[in-house]
1. Here is a list: 193, 176, 141. Which entry is at pLDDT 95 or above and touching a Lys or Arg at 6+ places or on another chain (Cβ under 8 Å)?
2. Please find, within region 165-187, the residue that is surrounded by the fewest Cβ atoms within 10 Å (Cβ to Cβ) out of those that are in contact (Cβ under 8 Å) with a residue 40 or more places away in the chain and charged (D, E, K, R).
3. In this structure, is residue 161 touching a helix residue (DSSP H, G or I) at 6+ places or on another chain (Cβ under 9 Å), open to solvent by 40 Å² or more (accessible area, probe 1.4 Å) and either at pLDDT 95 or above or farther than 19 Å from residue 93 by Cα (or both)?
4. With the requirement that a residue be within 17 Å of the chain's Cα centre (by Cα) and farther than 13 Å from residue 252 by Cα, what does region 80-91 give you?
5. Filter region 78-102 for residues that are out of contact with any His (no Cβ under 8 Å at 6 or more places or on another chain) and among the polar types (S, T, N, Q); which is most open to solvent (accessible area, probe 1.4 Å)?
Amino acid sequence: MEVSCNDIRVSWYEVGRGQPLLLIHGLGDDHRAWRKMLPELVLDHRVIMYDLRGHGQSELGEADGSLRQLSQDLLAFMNAITLDAAVLAGFSLGGTIAMRTAIDDPNRVLGLALIATSSRVNAAAADWYRQRADAVANGDPQLRQILDRDTEDVYRNRVEEIEDGLTIRRQATADPKGYANACRAMFSLHEVPLDLELGKINAPTVAVAGEVDQHCPPRASEIIAARIPNCSLQILPATGHPIPIERPKEVADAIRMVERKVNGKGYIKR
């Protein structure tokens, strides 16, 4: 399905019945980043997924390289499908978008599941994002090889998932400008991290980290959990970066833990 959101057409998908749950994928992926999660969720959730600006089958539009624009896209998408509020689950970049949204428009966010994500970017990571955004801007002939190597590195802990990961990422970044736009948004967290604003988030939250995640180490989730008032922390042993692929049941359990807290306050409506 497609819907107009701000200056773009957004591709989105829905499956299941029950409590609304909005899933936000990560950098260079599309909605299929959640493929292993669906069997765990569809029996009791209205699972809603969408492709980020310039990813998958969503348009790039007038992208400005900001996290706030990606957050505004999310809110415009919720408006377009008449979703007043929902629990958000965000993976990696998606978790950063979810936090920005919860800060800017808390009434729209009932709860948060922040999976392998961070509120800041150190100098080394900032340089990584800058290099890839520059490679796209400069038409680097090695770009596809760079992105493929990055994908293989992401799935280093689950080599059997590499081929599927490559298929999705090659399709999701067929036009790499959306990938570069998201890289610039993440780069901005080096100079202006979300850390000082996290205390504004009042929604029940869980931060889930992989013990051996080298892309977003557990320390990033520890920082988030220490700054969001109502946030639990889970560190999954022997788990790398693509936690929704490696540990779908545990992620679903974490989401349900958040929902129980939300339901305890009478927020969720079916």
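The values are calculated or read from the model by the stated rules, or taken from the named source; none is laboratory data. Computed from a predicted structure; not experimentally measured. Reconstructed Cβ throughout: ideal geometry from the backbone, glycine too, with neighbour counts over all protein chains shown. The accessibility values were calculated without ligands, DNA or RNA, using every heavy atom of the protein model including side chains. Shrake-Rupley method; radii C 1.70, N 1.55, O 1.52, S 1.80 Å.
1. Selected residue: 193, the only one of 193, 176, 141 that is at pLDDT 95 or above and touching a Lys or Arg at 6+ places or on another chain (Cβ under 8 Å).
2. Filtering first and then ranking leaves 175.
3. No: the conditions fail for residue 161.
4. 86 - this is the single residue of region 80-91 that is within 17 Å of the chain's Cα centre (by Cα) and farther than 13 Å from residue 252 by Cα.
5. Top of the filtered list is 82.
Yes or no, residue by residue, for (1) under 22 Å from residue 173 (Cβ atoms); (2) in contact (Cβ under 8 Å) with a residue 60 or more places away in the chain; (3) hydrophobic (A, V, I, L, M, F, W, C):
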{"position": "71", "(1), (2), (3)": "yes, no, no"}
{"position": "75", "(1), (2), (3)": "no, no, yes"}
{"position": "105", "(1), (2), (3)": "no, no, no"}
{"position": "109", "(1), (2), (3)": "no, yes, yes"}
{"position": "118", "(1), (2), (3)": "yes, yes, no"}
{"position": "127", "(1), (2), (3)": "yes, no, no"}
{"position": "138", "(1), (2), (3)": "yes, no, no"}
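Let's see how each residue does on (1) within 12 Å of the chain's Cα centre (by Cα); (2) over 27 Å from residue 197 (Cα atoms); (3) without any contact (Cβ under 8 Å) to a residue 12 or more places away in the chain:
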residue	(1), (2), (3)
26	yes, no, no
30	yes, yes, no
42	no, yes, no
78	no, no, no
96	yes, no, no
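Results for (1) under 22 Å from residue 70 (Cβ atoms); (2) touching a helix residue (DSSP H, G or I) at 6+ places or on another chain (Cβ under 9 Å); (3) open to solvent by 30 Å² or more (accessible area, probe 1.4 Å), shown as yes or no for each residue.
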residue	(1), (2), (3)
191	yes, yes, yes
199	yes, yes, yes
204	no, yes, no
215	yes, yes, yes
220	yes, no, no
248	no, yes, no
254	no, no, no
259	no, no, no
